[in-house]
Amino acid sequence: MSIRATVFLLLEDPSFSRLAKFISGVILGFILLSCISFIIETLPRYSYPRYGNEVGDHPPIFGILDTLCLAVFTCEYFLRLLTVGAVPDLKLRDMGYDIPMLNMTNRGDIRLKAFGWMKNPMNLVDLLSIMPILFLIFDSNGGAGFQVVRVLRLTRAFRVFKLGKYSEGLILFHRVIAKSLSALYLLFFFMLISTIVFGSTIYYAERGNWDDEKGYYVRPDLYGDGTERSPFTSIPRSFWWVIVTSTTVGYGDMVPRTTTGRFVGTLAMYFGILVLAMPLAIISSNFQRVHEEFRKQKQGYRNTANGMSSRMLELILR
């Protein structure tokens, strides 16, 4: 195996060797450090006005840690990108990467491997997590670019998803969701229909009457002996109430007062329970199936490793 392929596997596959496991532990430490720093810097004691002279000021240590983590993540990402072309196709497919198949030159094959590696969801997350430094490199407007980078700092929140590579639970979650896409599409389709239908219905049921003196729509209050301002001011605003009601969350910020509105709310609740129940049953079944496959796969790896160790021991004894 070439040096480039070895470098890629050291960074990509923790089970490749003890060194790869150590490197993955170091990367995991930087991920946790970045997430903890991102969270702690929002505490009031480290933010304006208790710290600094303007909004956005934080202790320098947080900037140093962020820059350090960003440099590590950027080096790791581009090292993997530049070395993935040297890894055999069979190995990449065993690792779950979909490599496009085209008859091209060797250089073209390398580009296809890089593309297949880049479009993997976890590697897209890695790319999002290093967006600020990429923007600084390719931006030519110093001051204006820096203002945009302050917005891009939000992408640091995506770094927590990098933990997915090192967590069996997140790997299982990704596989289950991938197998349940058809059920999720069905869920979103029915939720879209119910949101439009119930949102329109509750709007006309709870909008109330226009009050010229107050300048807004009023409806009966809780006890029916007075009026209050209606929160259902438009159909798009009513969509929020439908989603909260259909998922049985019920924040209570928008509540129907009329008999018609309560009847619509009852239908929305029952419809939401039915819509959620069907795909959740499919997802649960897929989780059991994927978990069993994952367990058997791990057991197969252990048996293979044990077999190889026994064979090596026999050769040594001979």
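The values are calculated or read from the model by the stated rules, or taken from the named source; none is laboratory data. No experiment lies behind these values; they were computed from the predicted model shown. Cβ coordinates were reconstructed from backbone atoms using ideal geometry, including for glycine residues, and neighbour counts include every protein chain displayed. Please note that ligands, DNA and RNA were not included when accessible areas were found on the heavy atoms of the full protein model with its side chains. Shrake-Rupley method; radii C 1.70, N 1.55, O 1.52, S 1.80 Å.
Assorted remarks:
- Residue within region 92-106 that is open to solvent by 30 Å² or more (accessible area, probe 1.4 Å), at pLDDT 80 or above, hydroxyl-bearing (Ser, Thr, Tyr) and not in a helix (DSSP H, G or I) present: no
- Applying the criterion of being basic (Lys, Arg) and over 28 Å from residue 121 (Cα atoms) to the residues of region 26-84, the residue that is least open to solvent (accessible area, probe 1.4 Å) is 45.
- The criterion of at least 1 residues that are exposed (fewer than 14 other Cβ atoms within 10 Å of the Cβ), modelled with pLDDT under 65 and not acidic (Asp, Glu) is met, among helices (runs of 4 or more DSSP H) falling completely within region 108-197, by 131-138, 142-152.
- Of residues in region 229-282 being of a type in the set (Lys, Arg) and free of Cβ contacts under 8 Å to residues at least 40 places away in the same chain, the one farthest from residue 198 (Cα to Cα): 229
- Checking each residue in region 221-277 for being open to solvent by 30 Å² or more (accessible area, probe 1.4 Å), outside any helix (DSSP H, G or I) and touching a Phe, Trp or Tyr at 6+ places or on another chain (Cβ under 6 Å) picks out only 229.
- Subset tally (residues that are part of a loop (DSSP other than H, G, I, E, B) and surrounded by 17 or more Cβ atoms within 10 Å (Cβ to Cβ)) for region 1-12: 0
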